[in-house]
Amino acid sequence: MTDTRLEAERLIAAPAADIFALLCDPHGHVAIDSSGMLQDAEGEPVRASGDSFVVHMDREALNDYPEMGRYDVTVTIRDYEPDRLISWTVLGRIRPQIGHVYGYRLEPDEESGRTRVTSFYDWSTIAPEWRDSGIFPVLTEGALRGTLGILDRTVRRGYPRG
């Protein structure tokens, strides 16, 4: 970790393919969000770098900028390696675009059926205006850990359910 990147990891008793499927599903992002900002999503599961979907947000959940109210962002997939890596940028209504990156790295253990999942949040390449604003990181390492806990519980319960 650096002063412009947070990471948290957790060993999850599920195959990497099941975890990756949840992370490719727009509604999966909403299901595991620990911040409370992600309210709903629209779009098909992603299948490649460049794919995107819309997330309906509510900034009041963090109470840092509640005046932003409800708004939409577009999640655009940056890195896509099935069962190994997925990352994305978030494009919203504010300009210049921020340029932070979120993602997950998966390290499957074929013998045990478990997967080491690392959640990361990187703001090393954000626009200078945002770097100078002093608001980063928006999320904490605790939020990343919380999301990993929810991911663990959600995938063990069989997400997505048919």
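Structure notes:
- Any hit, segment 118-130, residues being in contact with a strand residue (DSSP E or B) (Cβ under 8 Å, 6 or more places away or on another chain), acidic (Asp, Glu) and surrounded by 16 or more Cβ atoms within 10 Å (Cβ to Cβ): yes
- Members of segment 89-110 found to be part of a strand (DSSP E or B) and farther than 11 Å from Asp122 by Cα, listed by number: Val90, Leu91, Tyr104, Arg105, Leu106, Glu107, Pro108, Asp109
- Candidates in segment 83-116 are the residues that are touching a helix residue (DSSP H, G or I) at 6+ places or on another chain (Cβ under 6 Å) and touching a residue at least 60 places away in the same chain (Cβ under 8 Å); of these, the one that is surrounded by the fewest Cβ atoms within 10 Å (Cβ to Cβ) is Asp83.
- Residue ID - nearest to Ser124 (Cα to Cα), chosen from residues in segment 25-36 that are open to solvent by 10 Å² or more (accessible area, probe 1.4 Å) and outside any loop (DSSP other than H, G, I, E, B): His29
- Scanning segment 86-140 for residues that are out of contact with any Gly (no Cβ under 9 Å at 6 or more places or on another chain), among the hydrophobic types (A, V, I, L, M, F, W, C) and at pLDDT below 90 returns Leu91, Ile94, Ile135, Phe136, Val138, Leu139.
- Filter result (in contact with a His (Cβ under 8 Å, 6 or more places away or on another chain) and under 15 Å from Tyr121 (Cα atoms)) within segment 65-88: Val75
- Condition met for Arg157 (more than 12 Å from Leu23 (Cα to Cα), at pLDDT 85 or above and open to solvent by 40 Å² or more (accessible area, probe 1.4 Å)): yes
- Filtering Ala48, Ala13, Ala61 for residues that are surrounded by fewer than 16 Cβ atoms within 10 Å (Cβ to Cβ), under 22 Å from Asp152 (Cβ atoms), touching a strand residue (DSSP E or B) at 6+ places or on another chain (Cβ under 6 Å) and not charged (D, E, K, R) leaves a single hit, Ala13.
- Summed over segment 91-114, the residues that are of a type outside the set (A, V, I, L, M, F, W, C) and touching a Lys or Arg at 6+ places or on another chain (Cβ under 9 Å) give a count of 5.
- Qualifying residues in segment 131-154 (those that are without any contact (Cβ under 8 Å) to a residue 60 or more places away in the chain and exposed (fewer than 15 other Cβ atoms within 10 Å of the Cβ)) - the one nearest to Leu62 (Cα to Cα): Gly142
- Residue match in segment 51-63 (condition: closer than 17 Å to Phe20 by Cα, part of a loop (DSSP other than H, G, I, E, B) and modelled with pLDDT of 95 or more): yes
- Residue among Leu85, Leu22, Leu38 that alone is in contact with a strand residue (DSSP E or B) (Cβ under 8 Å, 6 or more places away or on another chain) and closer than 18 Å to Gly149 by Cβ: Leu38
The values are calculated or read from the model by the stated rules, or taken from the named source; none is laboratory data. These figures come from a predicted structure and were not determined experimentally. Note: ideal-geometry Cβ built from the backbone for every residue, glycine included; neighbour counts use all protein chains shown. All accessible areas refer to the heavy atoms of the entire protein, side chains included, with ligands and DNA or RNA removed. Shrake-Rupley method; radii C 1.70, N 1.55, O 1.52, S 1.80 Å.
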